[in-house]
Structures are given as C-alpha cells and as structure tokens.
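Okay, structure first, notes after.
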Amino acid sequence: MANQVDYERIGRAARARSLAGKAVIYALLTLWALMVLFPFYWMVLSSVKSYSAYNSEYVPRFFTLSPTLQNYADAFTAVSLGRYFLNTLIFTLVTTAVMLAVVVLAAFAFARLEFKGKNIAFTLFLSLMMIPNELVVITNFVTITNLGLRNTFTGLILPSVTSVFYIYLLKENFEQIPGELYRAAKVDGTSDFKYLLRVMLPISQPTIVTITILKIIECWNAYVWPRLITDNEAYFLVSNGIQEIRENGFGRENIPAMMAAVVVISVPLIVLFLIFHKKIMAGVSRGGTKG
C-alpha cells in the first residue's frame, strides 16, 4: 500500500513538473510572438492615425480612439502606387515563370540525365553560392547597361531568372523519386520531357509550390537591383515606390501616410504566407531530406 502511495506521489510530481515546463515554454513563446508581431501592430496603428494626432503625441499611444483611412487614400493619390503595383505584378509573374522553367530543366538534368563531367559541373555550380550577391550585382549592372537594357522590364527580369539554391533543392527532391520509374518509362519509349511532366513534377509538387512562393516573395521584396537599374518612374516597383513616396510624395515627416503605403504593400505577402506556410515548410523539409 505504501509503495502504491509513493508511486502516485511521484506521478503527481512528474505531471506537475511537466505542466510547469510547458507553462514556461508557452510563456516564452508568447513573449517572443509579441516581440515579433509588435512592429506590424505599430505599423497598422500608425497608418490609421491622422497626421495631426500622430504629431501631437509626445508620448506614443498604443491605441487610437479616432482611426482614419485617409492615409490609405493619400497613398494612391500622392504617388503612382497603382502603377508600382502593376509593375511589380508583371515583374513577379514573368520572373517566377521563367525561373521555374530554368530551375526544373536544370534540376532534371543534374538528377536524371547522364553526361560527362556532370558531378564536376554540379560542384562548380554549387560553388557559385559562395559568391556574395553584391559582386554579382556589379557584374549584372555592367552587362545590362552595355546591352542597353536599363529602364526596361527585360533588364529587371534577366538577372533573376535562375537560382543555384532552388536548383539544388529541386534536384535533391527529384533524386528521391525511384530510378526504376525512369528506366521503366524509357523502356516504354517515353521521352525525358514527357516523363518530367507526367511523373516527376506531380510527385514533386510540394517543392515546386515552395519554390514558387519563395520566388514570389523574393521578387516582391526586391530592392537593390530595381533601384540600381531603373531611374524612370514608369518602371518603379513597390520597393522603389516606398523611397519615391518618402522623397517626393508625402515627405519624410508624414509618418502615418508612409505607414499606410507600407501596409498596402505588405498585405499581399502576408496573406500569401498565411495561406501557404504549411506547404512552404513541407516543401523545404522534403527537398532537403534524401532517402
């Protein structure tokens, strides 16, 4: 009887320690979430405050009793924010489509085709990941300028139509598909391109979706290259538009209007990530695991 009482006491103590540990973990996670989300909350809050109300706050307030949407209207009238959105949409869709074609074909070649020097070529290809992006930007700028493609969508798009990382990620995913399927398809007379479309792409759909979403986010957030290669407002993207708004739109002192423009630009990516975040995590974990 005494032993049974001791076991029950030990069990209760273990459960109490487990609950205490979970409570601490959830408390820390909650604190971390608040720290991460606070800048977004402050951005949205500032965007619905009037210019006079914002400037009259000697001590910042964490709420407002008189929200206004005038800042959002100003975001589309003070500068050509609608045009920036259209330019960014064209740049993002075209770049992502071309990049997917290049990445899929390159990954298939490295994963399934046999040719002389393939391993050496892929090793050299991976070594490109060690080169800082800043050095590539300089080379790309000189090349695009010499070709006379500044202030064109072609000049914006060309340097972004491939990615060593995405090719590596998709290649690893392709190599998980049993080679017997490929050999059986070749025996049946199936071409490489048809096998890629009908077998490999459907099986690798999570990774394809992940690459697509990550590339869309990358294009939407692009700043350095568009800023460097375009000085014509007709080709500005939303990232360039923020700087244009700051310099020639609302002025540097109108923070609420600036925050409204940032919210408008950020919402599409936030919604996209919230919808597809599970697919992104699943695709990355699957693409990086062999076996």
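Values computed for the structure shown
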item	result
Evaluation of V102 against (1) surrounded by 14 or more Cβ atoms within 10 Å (Cβ to Cβ); (2) outside any helix (DSSP H, G or I); (3) of a type in the set (A, V, I, L, M, F, W, C) (one fails), failing number	(2)
Residue pairs meeting the criteria (Cβ under 6 Å; at least 6 apart or on separate chains; first under 18 Å from V263 (Cβ atoms), in segment 46-70; second in a helix (DSSP H, G or I) and of a type in the set (G, A, S))	S47/A260
Out of L113, L31, sole residue that is exposed (fewer than 14 other Cβ atoms within 10 Å of the Cβ), in contact (Cβ under 8 Å) with a residue 60 or more places away in the chain and either of a type outside the set (V, I, T) or more than 19 Å from I265 (Cβ to Cβ) (or both)	L113
From R246, R227, R286, residue being of a type in the set (K, R), modelled with pLDDT of 75 or more and in a helix (DSSP H, G or I)	R227
Filter result for R198 (basic (K, R) and more than 25 Å from the chain's Cα centre (by Cα))	yes
Failed condition for I177, given (1) touching a helix residue (DSSP H, G or I) at 6+ places or on another chain (Cβ under 8 Å); (2) assigned to a helix (DSSP H, G or I); (3) closer than 28 Å to H277 by Cβ	(2)
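The values are calculated or read from the model by the stated rules, or taken from the named source; none is laboratory data. Computed from a prediction, not measured in an experiment: that's the story for all the values here. For neighbour counting, all protein chains shown are included, and Cβ atoms are generated from backbone atoms with ideal geometry for every residue, glycine included.
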